[in-house]
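The values are calculated or read from the model by the stated rules, or taken from the named source; none is laboratory data. Keep in mind it's a predicted model, so treat the numbers as computed, not measured. With ideal geometry, Cβ positions are generated from the backbone for all residues, glycine too; neighbour counts draw on all protein chains shown. Areas reflect the complete protein model, heavy atoms only, side chains present, ligands, DNA and RNA absent. Shrake-Rupley method; radii C 1.70, N 1.55, O 1.52, S 1.80 Å.
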Amino acid sequence: MRGLVIKNTGSWYTVKTDDGRTIESKIKGNFRLKGIRSTNPISVGDYVQIIINQEGTAFISEIEDRKNYIIRKSSNLSKQSHIIAANLDQAFLIVTINYPETSTTFIDRFLAGAEAYRVPVVLVFNKHDLLNEDERRYQEAVIKLYESIGYKCVTVQATAEIDSEESIEKLRPLLAGKVTLMSGNSGVGKSTIINKLLPNVNLRTAEISDTHNTGMHTTTFSEMLELPEGGYVIDTPGIKGFGTFDIDKEELTSYFREIFKFSESCRFNNCTHTHEPGCAVRKALEEHYIAESRYNSYLSMLEDKDENKYREAF
């Protein structure tokens, strides 16, 4: 029997079958995916075949090919990956300029990982109402940067009323009929946004730590939640950092859209854009066609062999 994995608690998977039932399932035997060293061989969003047993639970016997997925380095096993979600139409990266601060390095690593696996991303800037004048100006500059690269950006305040300009209601048309991963640092308001979109779900939320200005992690497993207008949002545990996995250095340029555009004019086709003569990327950087923050993120991914500081789980 075929079904969609809509929840993953670590040892059990909730599978929604094609005929509308939800069945608690386990992996059959030593089920392992070929070619991916992953801590979770099956993820939310996977389509699987199950064999129902007498107790009413099931074994997952087979996984269908994925159209895409978002993957990152496992938080405690550097040689392994963690698949966040599969078969996505898009990802919403929830960003906060403050309370807590989302770094541009984190944003760029997430975007590069999404580009690598062909997942479109919308940047959702939350907590607009908490920002002072300087922070709002900075947010505008960050939005302008990512829009110039070609990423859609939306500002919201998850606590706003329906008639507010920054209401999360304006997200509904972007979500309708699509499978959307909600991701971001802990504390950026993913659960609050989902609670507004789906009031009956009532996900737990937590206050921000005053001491470190970081979020306290409330979501402990990944789950697909069905939207009334069609489609799903996938709620995932917040992450402190995003260590990309299995991206070759030679391919990295193509996952930074504006760097890739200028790289086609470099003198050498294997240019790393770090020291080579005739590098069009470094020329574009000097002339401010490429943002320094984006170039620095590119360098950090190019040079950073030990990504512990970017991939800790929270």
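Annotations
- In the stretch 22-33 there is no residue that is modelled with pLDDT of 90 or more, crowded, with 22+ Cβ neighbours inside 10 Å and of a type in the set (Asp, Glu).
- The one condition in (1) open to solvent by 30 Å² or more (accessible area, probe 1.4 Å); (2) at pLDDT below 95; (3) farther than 22 Å from residue 82 by Cβ that residue 117 fails to fulfil: (3)
- Listed by first and then second residue, the pairs linking a residue in the stretch 131-148 that is under 13 Å from residue 294 (Cα atoms) to a residue that is of a type in the set (Asp, Glu) and crowded, with 17+ Cβ neighbours inside 10 Å, with Cβ atoms under 9 Å apart and 6 or more places separating them unless they lie on different chains, are 148/258.
- For the stretch 79-90, the count of residues that are within 10 Å of the chain's Cα centre (by Cα), modelled with pLDDT of 95 or more and either open to solvent by less than 40 Å² (accessible area, probe 1.4 Å) or within 29 Å of residue 254 (Cβ to Cβ) (or both) is nonzero.
This table checks each residue for (1) open to solvent by 10 Å² or more (accessible area, probe 1.4 Å); (2) in a helix (DSSP H, G or I); (3) out of contact with any Asp or Glu (no Cβ under 8 Å at 6 or more places or on another chain).
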residue: 139; (1), (2), (3): no, yes, yes
residue: 146; (1), (2), (3): no, yes, yes
residue: 154; (1), (2), (3): yes, no, yes
residue: 157; (1), (2), (3): yes, no, no
residue: 169; (1), (2), (3): yes, yes, yes
residue: 185; (1), (2), (3): yes, no, yes
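- Filter pass, residue 178 being free of Cβ contacts under 8 Å to residues at least 40 places away in the same chain and open to solvent by 30 Å² or more (accessible area, probe 1.4 Å): no
- Total residues in the stretch 252-270 satisfying the condition of being at pLDDT below 95, outside any helix (DSSP H, G or I) and surrounded by 14 or more Cβ atoms within 10 Å (Cβ to Cβ): the figure is 0.
- Verdict on residue 281 being in a strand (DSSP E or B) and either open to solvent by 50 Å² or more (accessible area, probe 1.4 Å) or at pLDDT 95 or above (or both): no
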